[in-house]
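J.: Submitted below is the structure of interest, expressed as structure tokens.
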Amino acid sequence: MVSSPIGIFGGTFDPIHFGHLRMAEEMAEALDLAEVRIIPAGQPPHRDAPATPAAHRLAMTRLAIADNARFRLDDREVRLARASYTVDTLADLRAELGHVLPVWLLMGADAFLGLPAWKEWRRLFDLANIAVAYRPGYALLQSDSLNAELRQELGNRLVSEGGRGKGEGKNPGAPHPSPFTLPSSPAGSIRLIPITQLDIAATDIRARLQHRQSVRYLMPDAVHDYIQANELYSPA
Ligand code: ATP
């Protein structure tokens with residue numbers, strides 16, 4: 001049985017790109033994760049349904065992570081016939097993994113700021129820790145977009161600005177972050193992890209493809225080749 005912490009990384013991955021992959025890689029390193037479960041959403045409740053069928057999003061994700069021993073594709077949300085909610089996915093995982101293993105829910109600062117709109121969002125803290133990837137020097141606690149209740153949770157649950165030691169995260173030129181030395185609790189804490197900023201978004205990739213523009217070097221070649229072979233995101 002796995003005893004090191006595991007990471008859970010959900011998204012629509014329509015398509016998966018280097019922003020996602022690098023974020024998961026740096027989080028895995030900073031939190032010393034034994035495994036990162038990549039969980040493509042089936043029918044995301046908080047946004048429009050992904051235009052791309054789940055089978056393609058799964059196939060692209062599988063190709064993207066094939067050479068990473070720590071990343072594992074988990075298709076439980078696309079197997080559901082109904083909308084998938086993170087709180088239910090985590091409860092499902094807890095039923096399999098037990099309640100002792102530290103679990104880290106990985107997300108970008110944009111996703112974190114939207115947390116109060118998620119189903120039973122406070123219950124997420126009973127089920128997992130949350131690691132927020134953010135731009136070094138970005139003052140998340142001071143953000144105008146931070147809802148008051150979430151600010152309170154963040155204030156109570158924030159463990160440390162991880163990876164580079166207190167304050168060093170503000171220096172984007174700092175040397176390689178070392179893994180956390182603090183042990184992870186099974187659930188309930190929040191850590192902010194400064195990561196390399198790759199300003200890549202799936203929305204932008206889809207728009208470029210719609211306009212017959214290049215998307216090479218924004219994602220692994222295997223994903224790029226898959227998009228071409230299956231004529232995904234082509235102009236109508
Ligand atoms: P879209 O543009 O369609 O909204 P996206 O590229 O933002 O897609 P999602 O699948 O919505 O990707 O995001 C899944 C998770 O990945 C979220 O937690 C989001 O914050 C994070 N994420 C997305 N893009 C990046 C990026 N470039 N760097 C770091 N994290 C990212």
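The values are calculated or read from the model by the stated rules, or taken from the named source; none is laboratory data. For clarity, every value in this text was computed on a predicted model and none was experimentally measured. No Cβ is skipped: glycine too gets one built from the backbone with ideal geometry, and neighbour counts run over all protein chains shown.
J.: Please go through the range 26-43 and pick out each residue that is modelled with pLDDT of 95 or more, within 13 Å of the ligand (Cβ to nearest atom) and hydrophobic (A, V, I, L, M, F, W, C).
T.: Correct list: 27, 36, 38, 39.
J.: Let me ask another. Taking the range 182-231 on its own, how many of its residues are hydrophobic (A, V, I, L, M, F, W, C) and more than 11 Å from the ligand (Cβ to nearest atom)?
T.: Restricting attention to the range 182-231, the residues satisfying the condition of being hydrophobic (A, V, I, L, M, F, W, C) are 182, 187, 190, 192-193, 195, 198, 200-202, 205, 207, 209, 215, 218-219, 222-223, 227, 229.
Next cut, more than 11 Å from the ligand (Cβ to nearest atom) only: 182, 187, 190, 192, 209, 215, 222-223, 227, 229.
The number of residues fulfilling the criteria is 10.
J.: Of all the residues that make up the range 120-135, how many are within 16 Å of the ligand (Cβ to nearest atom) and either over 17 Å from the mean Cα position of the chain (by Cα) or more than 15 Å from residue 150 (Cα to Cα) (or both)?
T.: If we filter the range 120-135 for residues that are within 16 Å of the ligand (Cβ to nearest atom), which is where we start, we get 121, 124, 128-135.
With either over 17 Å from the mean Cα position of the chain (by Cα) or more than 15 Å from residue 150 (Cα to Cα) (or both) added as a condition, the list becomes 128, 133-135.
Here the count works out to 4.
J.: Next question, about the same structure. May I ask you to list pairs of residues, at least six apart or on different chains, whose Cβ atoms are under 6 Å apart, with the first in the range 147-170 being modelled with pLDDT under 90 and the second being in a helix (DSSP H, G or I) and among the hydrophobic types (A, V, I, L, M, F, W, C)?
T.: 162/30; 163/30
J.: Then there's this: Restricting to the range 118-148, count the residues that are closer than 19 Å to residue 105 by Cα and of a type outside the set (A, V, I, L, M, F, W, C).
T.: 8
J.: If we keep just the residues of the range 68-84 that are assigned to a loop (DSSP other than H, G, I, E, B), touching a helix residue (DSSP H, G or I) at 6+ places or on another chain (Cβ under 9 Å) and not small (Gly, Ala, Ser), which is nearest to residue 6 (Cα to Cα)?
T.: 70
J.: Continuing with this model, one more query. For the range 60-99, give me the residue count where each residue is small (Gly, Ala, Ser) and under 16 Å from residue 18 (Cα atoms).
T.: Going residue by residue through the range 60-99, those that are small (Gly, Ala, Ser) are 64, 66, 69, 81, 83-84, 91, 95, 98.
Restricting the remaining residues to those that are under 16 Å from residue 18 (Cα atoms) gives 64, 66.
The total comes to 2.
J.: Filter the range 86-118 down to the residues that are under 17 Å from residue 188 (Cβ atoms), assigned to a helix (DSSP H, G or I) and touching a residue at least 60 places away in the same chain (Cβ under 8 Å) and list them by number.
T.: Selection gives 86, 90, 93, 97.
J.: Please find, within the range 6-25, the residue that is nearest to the ligand (Cβ to nearest atom) out of those that are closer than 13 Å to residue 70 by Cα and either modelled with pLDDT under 95 or crowded, with 20+ Cβ neighbours inside 10 Å (or both).
T.: 9
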